[in-house]
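Structure first, then comments.
The values are calculated or read from the model by the stated rules, or taken from the named source; none is laboratory data. Computed from a predicted model, the values in this text were never measured in an experiment. Positions of Cβ are generated from backbone atoms using ideal geometry, with glycine treated the same way; all protein chains shown enter the neighbour counts. Calculation scope for accessible area: heavy atoms of the full protein, side chains included, ligands and nucleic acids excluded. Shrake-Rupley method; radii C 1.70, N 1.55, O 1.52, S 1.80 Å.
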Amino acid sequence: MKIRIIFLVLMVLSYCIIVSCSEETKSQEYNPTPYELVLPASLPKPKLPEDNPLTVEGIKLGNKLFFDDLLSGDNTMSCSGCHNQKHAFTDNELALSLGIHKEEGKRNSMPIFNMFYHNNGFFWDGRAASLREQSLMPIQDPLEMDETLENVVKKLKATKEYPQLFFNAFGTTEINPLRISLALEQYMFTLVSGNSKYDRYQAGTDQFTESEKRGFDLFFAERDPIPFIKGGDCFHCHSGPNFTNNEYMNNGLDEFFVDLGLGAVTKKASDNGKFKVPSLRNVQVSGPYMHDGRFKTLEEVLDHYNSGVVDSPTLDANMHGALLGLKLNEQEKTDIINFLKTLTDEEYLTNLEYKKNTD
Ligand code: HEC
Ligand code: HEC
């Protein structure tokens, strides 16, 4: 008799458990939708990290986080505060970004697109090895968003929508810094730029003007001293489909370095004054230029390369021609600028999918 009762109780208990479990799975089904990153033909297949597959839900969460002021110490600033789509996700024409305390940071904000090609570190000095690692640093930077990860997690947990969004993306309502960074990484990987006039020219579907064509030739020409052949030597460093070799180099801005760049990270004097070679896609809209935003216009940039390069122990060998002077005339400088402007990609700059998701 006793045994029968125990058996019955057990039956009822296990029924309850099974039913309540299945109820749970019904309302909480984890079924993320794989997202296929479609790239224009001009861009080679990217290598995405295998441990963070892109999903519609992950990207949606990353998008929300990217535009959310809750990530900052006083809830007034999101990533988008210094990364505005219409400026190729750089700051709003500020040389140095302002953080939540309205103090200037140390560097010029960087553009965000085609991040999957960056295989050699992030930031001007390469101090972040991966995009997910990078994404948590501005949150904690006292000159930027000045917040602790612990607080961010606490604030997100207290909202109505985030636990569910984390479940949809990662199969758990548990919010932690790693999952925040993975979602931000996913969103940033979807920002693609490869449909500029230059890409269409390469594909044979658009024409260059005479000036753009001359600028293209100068950009990809080697400056030769004897006999003197004009060239910009630009392609040595701004090379490949993303217009960067992903290296850290010294392009002759300073004789003495206020900011050591890569050298401060590696602690090697031979890296002092070296900064990440930036992509030149969308450069028309991403000014001011260089790691400290010292040049307001592309004209100033061209003047630098043409006649402003200064020597220092780590000056890149590819700058030695420029050190002697590229001797480009006004028209030739304008031609290179006109070529650079063909790298502007309106589709990327206005793509509605990249904007703040409001559903
Ligand atoms: C206060 C302005 C500011 C805010 C807010 C900000 N950033 Fe940045 N971002 C910068 C600056 C400045 C740099 C360059 C910093 C450096 O090199 O030291 C940068 C660099 C980057 C880079 C490096 C790109 C590359 O090519 O290496 C990425 C990616 C990025 N930010 C993403 C984010 C994300 C994600 C957030 C939000 C979590 C964010 N940023 C918030 C100003 C900001
Ligand atoms: C030796 C490698 C090298 C060569 C050659 C070179 N660059 Fe650069 N370029 C760099 C590096 C490195 C930076 C970033 C430097 C910094 O901020 O300290 C840069 C920055 C720039 C920027 C600013 C982009 C931004 O987002 O701030 C432009 C524009 C540019 N280069 C155009 C050119 C043009 C045009 C040529 C040819 C006339 C050229 N570069 C030749 C390495 C090079």
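Taking θ as phi - 60°, what are the ³J(HN,Hα) couplings along region 342-359 by the Karplus curve (6.51, -1.76, 1.60), each to the nearest whole Hz, with x for Gly and Pro?
Calculated HN-Hα couplings, in order: 6, 8, 6, 10, 4, 4, 5, 5, 10, 4, 5, 5, 7, 6, 4, 7, 10, 8 Hz.
For region 197-347, what number results from the quotient of the Cα radius of gyration and 2.2 N^0.38 Å?
Expressed relative to 2.2 N^0.38 Å, the Cα Rg reads 1.05.
Distance check, please: which entries in Lys106/Lys268; Lys60/Lys197; Lys60/Lys86; Lys64/Lys157; Lys102/Lys276; Lys64/Lys155 exceed 24 angstrom between their Cα atoms?
From the list (Lys106/Lys268; Lys60/Lys197; Lys60/Lys86; Lys64/Lys157; Lys102/Lys276; Lys64/Lys155), the Cα-Cα distance tops 24 Å for Lys60/Lys197; Lys102/Lys276.
For the chain, what's the radius of gyration and Dmax over Cα atoms, in angstrom?
Computed over the Cα atoms of the chain, radius of gyration and Dmax are 25.2, 109 Å.
Considering only protein heavy atoms and a 1.4 Å probe, what is the carbon-and-sulfur percentage of the accessible area of region 200-359?
Summing carbon and sulfur atoms, their accessible area is 55 percent of the total for region 200-359.
Starting from the amide H of Ala128, placed 1.01 Å from N in the peptide plane, find each other amide H under 5 Å away whose residue is 5 or more places distant or on another chain.
Here the answer is Phe122, since their amide H atoms fall under 5 Å of that of Ala128.
Name the residue from Tyr30, Ser193, Phe257 whose Cα lies farthest towards the positive end of the charge dipole of the chain, charges +1 on Cβ of Lys and Arg and -1 on Cβ of Asp and Glu.
Comparing the listed Cα positions along the dipole, Tyr30 ranks first.
Residue by residue through region 315-320, which ³J(HN,Hα) values in whole Hz follow from phi under the Karplus form 6.51 cos²θ - 1.76 cosθ + 1.60 (θ = phi - 60°), with glycine and proline marked x?
Coupling constants for region 315-320: 3, 5, 4, 6, 9, 5 Hz.
Region 175-284: which chymotrypsin sites (Phe, Trp or Tyr not before Pro) are DSSP loop and have at most 11 other beta-carbon atoms within 10 angstrom?
Passing both the DSSP loop test and the Cβ count: Phe228, Phe256.
Starting from the Cα of Lys230, draw a straight line to each of the lysines and keep only those under 17 Å, dropping any in the same chain fewer than 8 residues away.
Partners found: Lys213, Lys327, Lys333.
Long-range amide H contacts for Thr172: which residues qualify at under 5 Å (H placed 1.01 Å from N, peptide plane, sequence gap of 5 or more or a different chain)?
It is Phe167, by chain and number.
Hey, what's the chain come to in accessible area per residue, 1.4 Å probe, Å²?
52 Å²
In whole Hz and in residue order, list the ³J(HN,Hα) couplings for region 128-136 that follow from phi through the Karplus curve 6.51 cos²θ - 1.76 cosθ + 1.60, θ = phi - 60°; x for Gly and Pro.
Residue by residue, region 128-136 yields 9, 7, 9, 5, 5, 5, 4, 5, 8 Hz.
Using modelled amide H (1.01 Å from N, peptide plane; none on Pro or chain starts), what sits under 5 Å from the amide H of Arg107, excluding residues fewer than 5 places away?
Under 5 Å from the amide H of Arg107: Ser97.
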